[in-house]
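The values are calculated or read from the model by the stated rules, or taken from the named source; none is laboratory data. Values in this document were obtained by computation on a predicted structure and should not be read as measured data. With ideal geometry, Cβ positions are generated from the backbone for all residues, glycine too; neighbour counts draw on all protein chains shown.
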Amino acid sequence: MAKNIKKSIVTRVRVAFLVICLFACAIVAKVIRIQLFEGEKWAQIAKESRIVYQPVYATRGNILSDNESIMATSLPFYRVAFDATICDEKLFNQKIDSLAMLLSRFYQDKPAKEYYRKIKNARLAKRRYLRLHSHQINYQEKKMMANWPIFREGKNKGGVIFERVDKRFRPFGSLAQRTIGRITEDKKGSGLEYTFNGQLAGKDGEALFERMAGGNKPIYNGTEVKPLPGYDIKTTIDINLQDVAENALYKALVSNNAQYGCVILMEVQTGEIKAIANLGREREGVYVENYNYAVGNHGRTEPGSTFKLASMMALFEETKLSPEDSIDTGHGRQLIGGKTMGEAHGDGFGKITISNVFEKSSNVGTAKLIEESFGNKPQKYVDYLHKFGLSKPLGFQMHGEAKPYIRTPSERGWSRTTLSRMAIGYGLQISPIQTLAFYNAVANNGIKVTPIIVKEIRKADVVIERFSQANFSSTRICSEETVRKLRVLMEGVVERGTGKRVKSPYYKVAGKSGTSWKIKDGKYIRDYSTSFCGYFPADNPKYSCIVIIDTPKGGRIYGGDVAAPVFRELADKAYARDLALHEPLVAKMPADRAKLPFVQAGYQEELTLICNKLGISTHSLAEEEWIKADSQNKALVWKPNPLKAGMVPDVSGMTLRDALYILGNQGLKVRIVGVGRVKDQSIEAGQPAKKGSTITITLS
């Protein structure tokens with residue numbers, strides 16, 4: 001029995017061995033067949049599997065400011081690769097040492113002998129794609145490398161491969177960063193880059209690429225489809241005003257230790273946004289453009305007292321009341337709509353005019369007026385808000401505009417107190433840009449226009465599409481009589497009320513401050529959102545502006561104290577730069593100065609040239625380049641104003657441009673207060689000029 005079992009096992013082993021041998025022979029036979037008879041076929045299949053069509057990305061279009069300064073552009077960078085099989089043997093052996101040395105000097109990461117070994121090994125291995133370095137070079141560096149040994153023979157004879165990689169570049173750094181936005185590889189993003197991606201991106205082409213170790217090598221065989229570059233978009237942004245807006249906002253956020261803030265400056269008639277800044281706190285004392293609070297949902301809040309303008313507009317549209325009519329506000333607390341309401345400013349104002357109600361931002365007065373006129377018909381009040389365009393988005397050109405929230409009497413949660421609270425800006429939500437568009441309508445004689453931030457889409461110098469108010473709906477939201485009354489109220493706020501900090505001696509401002517409590521977990525807490533919204537010059541409105549400073553922690557909580565100074569700084573700069581607004585100042589010149597131009601100090605050559613053109617006699621008592629001016633016998637006399645190295649110069653009487661030039665050359669940092677010519681300087685002339693120190697010049 002044991003003998004039979006042993007015999008059976010041996011037989012099975014022999015059969016298994018025979019089967020394995022036959023299988024091995026079949027494999028060897030198949031390999032011989034493939035190598036000798038089917039080699040070309042499989043080699044072709046392998047080659048075809050390595051060659052694929054890949055997209056060639058189009059160059060992205062530029063984003064331009066209103067004066068066509070480039071705010072975002074695509075700059076070409078290159079990865080340097082090498083086909084080690086192409087170069088002629090004699091040329092390769094003669095020049096490889098020089099090429100390795102140049103690569104080592106340029107990249108400064110390894111000695112020349114390592115580059116030599118790397119390229120030599122690639123040639124021995126017949127590698128058709130070798131990336132020489134991961135560092136990307138710019139166009140000027142590419143031009144330089146193209147003249148190196150071997151590389152100068154080009155890609156077809158020398159084997160050099162310059163792979164283009166476009167990078168997005170912002171010449172102004174972080175300026176308007178959130179407005180410009182970004183676009184990711186999966187087509188997500190924000191700002192103008194995302195909203196206008198279809199126009200900016202262009203149309204990608206395609207070309208054949210061969211898959212190789214280390215990367216894909218392009219094959220230029222005439223079948224490639226060239227990409228079409230993207231269009232440029234021209235925005236309405238004024239770079240200089242944008243810079244002022246961001247700096248003023250940043251200073252206010254830091255000084256008030258606030259959570260976030262935003263600023264929008266807009267032209268009244270055109271709706272063109274000239275500056276839009278958004279800054280949120282990243283950490284203590286550091287603010288970045290992390291969200292578009294001016295437009296998006298995170299910036300949509302209960303507006304507080306700035307909304308009282310809408311209540312007054314509804315009041316004047318519904319009744320025949322005038323700013324001179326009176327109402328009794330009592331001693332600061334009154335029962336209105338079934339609930340006691342108090343004042344935010346003061347202990348009570350007694351019997352005051354409607355103008356005073358608005359100027360003092362009286363909660364009691366505003367709520368009482370609305371309750372008396374709409375208490376029995378709250379839907380009529382809400383209908384007015386709809387008519388004013390406050391209940392729907394503006395249709396702004398940028399993606400992500402928040403949708404306003406306005407309550408209605410038929411809505412669940414409406415109570416007796418809802419109307420009076422809505423009257424003073426609570427129980428509803430609206431974004432800063434929507435508030436600004438409403439205020440802008442008052443400045444624009446009752447006609448509401450849609451804000452725009454892109455005015456042209458262009459291909460080189462050819463305009464493909466132009467945007468203006470003709471592309472959007474413009475609606476009259478109230479009567480001219482109502483506008484007249486509202487302007488009286490808003491000008492009074494700045495002259496005598498809560499907005500006195502924006503008052504200017506050079507131009508009139510109209511506006512309204514706002515302060516609203518914040519909500520957390522469904523309850524009001526003692527954190528505030530502060531704001532100021534208005535327009536200027538009030539007698540001939542050119543610009544409208546809104547400033548939001550959220551959750552200030554510096555001890556100040558009212559919009560007139562926190563947000564208004566930012567408005568004033570931006571308004572001053574906008575007014576100073578807009579020469580058309582200064583024409584009325586000519587009439588204010590004293591009669592005895594009319595015969596001679598108003599000259600105090602400046603650059604002698606320029607002033608002499610101007611006076612010669614105007615036919616005005618000049619006399620020079622100085623050989624200095626910089627002079628002081630004096631008038632004698634209907635002529636201007638130049639007196640010396642010498643500049644001494646290392647000493648603070650005398651810049652009094654100079655224009656801002658000349659003063660900045662001189663002080664900057666002395667290494668001084670300049671802080672500017674006011675507009676006009678230099679009236680005073682914080683460091684007296686003749687004092688040592690310490691480089692990097694700050695001098696304040698007051699303009700008047």
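Can you tell me which residue within segment 329-373, out of those that are loosely packed, with under 15 Cβ neighbours inside 10 Å and charged (D, E, K, R), is nearest to residue 500 (Cα to Cα)?
347
Just checking, which of 462, 493, 483, 547 is modelled with pLDDT of 95 or more, of a type in the set (Val, Ile, Thr) and under 29 Å from the mean Cα position of the chain (by Cα)?
None of the others qualify; the one that does is 547.
Within the set of pairs 6+ apart or on separate chains, which have a first residue in segment 139-150 that is of a type in the set (A, V, I, L, M, F, W, C), a second that is surrounded by 17 or more Cβ atoms within 10 Å (Cβ to Cβ) and part of a loop (DSSP other than H, G, I, E, B), and C-beta atoms under 7 Å apart?
Cβ pairs passing all conditions: 150/87; 150/158.
In segment 111-134, how many residues are of a type outside the set (Asp, Glu) and surrounded by fewer than 14 Cβ atoms within 10 Å (Cβ to Cβ)?
Summing the residues that are of a type outside the set (Asp, Glu) and surrounded by fewer than 14 Cβ atoms within 10 Å (Cβ to Cβ) in segment 111-134 gives 8.
Run down 269, 199 and say which single residue is out of contact with any helix residue (DSSP H, G or I) (no Cβ under 6 Å at 6 or more places or on another chain), part of a helix (DSSP H, G or I) and either of a type in the set (S, T, N, Q) or at pLDDT 90 or above (or both).
One residue alone meets the criteria, 199.
Quick one: in segment 357-394, which of the residues that are of a type outside the set (A, V, I, L, M, F, W, C), in contact with a Ser or Thr (Cβ under 6 Å, 6 or more places away or on another chain) and assigned to a loop (DSSP other than H, G, I, E, B) is nearest to residue 329 (Cα to Cα)?
362
Give the residue that is surrounded by the most Cβ atoms within 10 Å (Cβ to Cβ), with candidates limited to residues of segment 374-431 that are under 17 Å from residue 301 (Cα atoms) and among the polar types (S, T, N, Q).
431
Going through 353, 340 one at a time, which residue ends up being in contact (Cβ under 8 Å) with a residue 24 or more places away in the chain, more than 35 Å from the chain's Cα centre (by Cα) and over 30 Å from residue 469 (Cα atoms)?
353
Among the residues of segment 75-112, what is the count of those that are touching a Pro at 6+ places or on another chain (Cβ under 6 Å) and either aliphatic (A, V, I, L, M) or under 20 Å from residue 165 (Cα atoms) (or both)?
Residues meeting the conditions: 1.
Which number in (1) surrounded by 24 or more Cβ atoms within 10 Å (Cβ to Cβ); (2) in contact with a Leu (Cβ under 7 Å, 6 or more places away or on another chain); (3) assigned to a loop (DSSP other than H, G, I, E, B) marks the one condition that residue 258 misses?
So the condition that residue 258 fails would be (2).
Do you know which residues across segment 414-451 are part of a helix (DSSP H, G or I) and over 22 Å from residue 357 (Cα atoms)?
Scanning segment 414-451 gives 432, 433, 434, 437.
Specify the residue that is farthest from residue 495 (Cα to Cα); the eligible residues are those in segment 305-356 that are assigned to a strand (DSSP E or B) and of a type in the set (Gly, Ala, Ser). Please lay out each step first, then the result.
Of segment 305-356, the ones assigned to a strand (DSSP E or B) are 326-328, 333-336, 339-342, 351-353.
When the remaining residues are screened for being of a type in the set (Gly, Ala, Ser), the result is 326, 342.
Numbers: 326: 19, 342: 24 Å.
Only one residue tops the list, namely 342.
With the requirement that a residue be within 23 Å of residue 273 (Cα to Cα) and part of a helix (DSSP H, G or I), what does segment 462-481 give you?
The answer is 469, 470, 471.
State all residues of segment 159-210 that are charged (D, E, K, R) and farther than 30 Å from residue 275 by Cα; if no residue qualifies, say none.
163, 164, 203, 204, 206, 210
For segment 8-30, indicate whether the set of residues that are exposed (fewer than 12 other Cβ atoms within 10 Å of the Cβ), at pLDDT below 65 and of a type in the set (S, T, N, Q) is non-empty.
No, the conditions are met nowhere in segment 8-30.
Check segment 342-358 and report whether any residue there is in contact with a Leu (Cβ under 8 Å, 6 or more places away or on another chain) and modelled with pLDDT under 95.
No; the residues of segment 342-358 include none that is in contact with a Leu (Cβ under 8 Å, 6 or more places away or on another chain) and modelled with pLDDT under 95.
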